[in-house]
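Worksheet for the structure shown next.
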């Protein structure tokens with residue numbers, strides 16, 4: 001017997017989630033469609049909050065990541081959160097390149113579409129997002145130059161993407 005999971009929209013303000021914990025300790029997976037295939041990567045530097053009278057999430061992607069050109073040419077992405085048992089798969093999604101292989105298939109993950117945005121079926125919580133603003137981090141803007149020295153010694157500064165949270169989805 002095959003059990004199909006169903007997803008239900010939830011109100012962000014009514015979620016009983018500690019986003020600092022799930023971002024820092026559990027991580028998240030950013031999934032974005034490309035012209036030929038969809039790619040996903042683990043993200044850990046994420047903020048969630050309120051900006052421009054909208055619920056928003058800010059994610060950061062380095063230029064050498066395969067996701068970088070995909071997200072730069074796409075208005076939407078999803079951000080998925082998983083159970084702790086998925087940690088090995090999330091670590092793999094953070095290390096392997098989607099340009100070289102189908103990382104999602106390697107992890108046994110399947111895609112679904114929520115709000116016409118690709119997302120990972122095996123997640124427990126998914127945010128669908130629409131990019132509102134993007135900006136590159138630059139060395140000159142760091143008030144504490146040791147941060148740039150520690151995290152960007154190769155000069156590969158992240159691009160930040162501020163995105164409106166369109167919907168929050170949970171498995172029923």
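What follows is calculated from the coordinates using simple rules that are stated; it is not laboratory data. All figures in this text were calculated on a predicted structure; none of them were measured in a lab. No Cβ is skipped: glycine too gets one built from the backbone with ideal geometry, and neighbour counts run over all protein chains shown.
Quick notes on this one:
- For segment 126-170, the direction-averaged projected area of the alpha-carbon convex hull comes to 4.3 nm².
- Against the empirical 2.2 N^0.38 Å (N residues), segment 34-95 has a Cα radius of gyration ratio of 1.23.
- Packing-based exposure ordering (other Cβ within 10 Å, fewest first) of 159, 87: 87, 159
- Pairwise Cα distances in the chain exceed 21 Å for 48 percent of all pairs.
- Principal axis box of segment 92-157, alpha-carbon based, largest edge first, Å: 42, 28, 21
- Cα centroid separation, segment 98-133 to segment 59-95: 8 Å.
- Counting every other Cβ atom within 10 Å of each residue's Cβ, 169, 7, 50 order from fewest to most as 50, 7, 169.
- As a rough guide to protection, the peptides 140-152, 14-26, 71-83 ranked by mean Cβ packing within 10 Å, highest first, stand as 71-83, 14-26, 140-152.
- Per residue, the average separation of C-alpha pairs within less than 8 Å and at least 6 apart gives the chain a relative contact order of 30 percent.
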